[in-house]
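Below: the structure, in structure tokens.
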Amino acid sequence: MRVIAISLVAIGGLLVAGLLVSLSISPSEAPAAELANPLIDYDGFAKEAEVVRGIRENRRVSEDQFIEMAKDPQTVVLDCRSAEKYKLLHVKGAVSLPFSEITAEALAKVIPTKETRVLIYCNNNFENAPEAFAFKRPVASLNLHTYNQLHNYGYTNVYELKPLLDRHATKIEFAGLEVEVEKYRPEQPRSLLALQPSGGFGDASLENPRIDVDGFLKEVKLVQEIRELRRVSEDDFIRMSHDPETVILDARSVEKYKLLHARRAVNLTFPDVTEEALAKVIPTKDTRVLIYCNNNFKNAPVAFGPKGFRASLNIHTFIVLHNYGYTNVYELKPLLDRETTKIQFEGTEVDAAK
């Protein structure tokens, strides 16, 4: 019996080792329970994403309904693209809060109450505006992530622009640098899209081919299994980051990145993630990528202001990288003290401290 027991242990060990090898993880990189991060709750996020699906489907509105709702001075039109894209072109009257910057405090500054009506839109609502509204994969649509974030923070009256509209034909008005430039160009002809009637909340004819909630939820479940084997300790993060072929990706805003970031990290703010943008900073789909976010560091409230534990930027970044086919992603697991961590930083905060 003892021989059989030892054999079973040996076989079990070989199976675990085989799994780790197949995932390109060494045993030292396997996640340790004692390193669990209390500020990141992927399981809670996954459950909430299922709930949001049902709520959101009844809150998607047509072009005409969006315009009518936006006229109400008590309604907030929220743009969660990057600040740069917002400056270039945005819905007239919209306020900017980049997705990477969303925290409870930041939301409270732009949305008066949890019951305030909020209208959202994203890159995948407008075509023929490649700079300001760069196309994202349907599963990676910013509206999907934004709706989940707002629900997580307790905002109960959120509506989403549903259709895909032609930038030059839509009746929705815009503001920004592109609008100022267009004043000196010949008027763009309105397409036949502008003549099509807008329907109600559930009008199938307005379904947006660039937003795929079913695909998004499948990704959430797939990543839930993969990610748990790809979360690494502080020491493993440092060891892996020493490899010059490894890319350390920081998806926070440009401003927060400049303030403080892990040494050698490259910045691609989450709202600006597209196929083309990722290809510029990550050489191949097999390149090892390390990610970290606000909820990995405490005692750095300006550069790493914490998000809700189901709103962690690592959760959203891992999902999007997986969707775009990046197969070798690792996430810093623990919550570390900015003042005592062995991870080295760069940025204006480091320069000021000198």
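Quick note: the coordinates plus some simple rules give every number you see, no bench work behind them. Note that the structure is predicted; figures quoted are calculated from it, not measured. Using ideal geometry, Cβ is built from the backbone for each residue, glycine included, and neighbour counts are taken over all protein chains shown.
Considering only the other residues whose Cβ falls under 12 Å of the Cβ of VAL289, what net charge follows from Lys and Arg at +1 and Asp and Glu at -1?
Details: positive: ARG230, LYS285, ARG288; negative: ASP243, GLU245, ASP250, ASP286, GLU331.
For residues surrounding VAL289, the net value is -2.
Viscosity 0.890 mPa s, temperature 25 °C: give me the Stokes-Einstein translational D for region 206-338 in µm²/s, with Rh taken as the Kirkwood radius over C-alpha pairs. Estimated diffusion coefficient is 160 µm²/s. Near the amide H of TYR330, within less than 5 Å, lie the amide hydrogens of VAL289, LEU290, ILE291, all on another chain or at least 5 residues away, with H placed in the peptide plane. The orientation-averaged shadow of the Cα convex hull for region 48-185, equal to a quarter of the hull surface, comes to 8.0 nm².
A straight Cα-to-Cα reach below 26 Å connects LYS87 with the lysines LYS71, LYS109, LYS136, LYS162, LYS171, LYS183, LYS256, LYS258, LYS280, LYS307, residues fewer than 8 places away in its own chain not being considered. Around the amide H of PHE126, modelled in the peptide plane, lie the amide H atoms of LEU165, all under 5 Å away and 5 or more residues distant in sequence or on another chain.
Checking every one of the GluC sites (Glu not before Pro) in region 104-190 against DSSP loop status and a limit of 15 other Cβ atoms within 10 Å picks out GLU115, GLU131, GLU173, GLU187.
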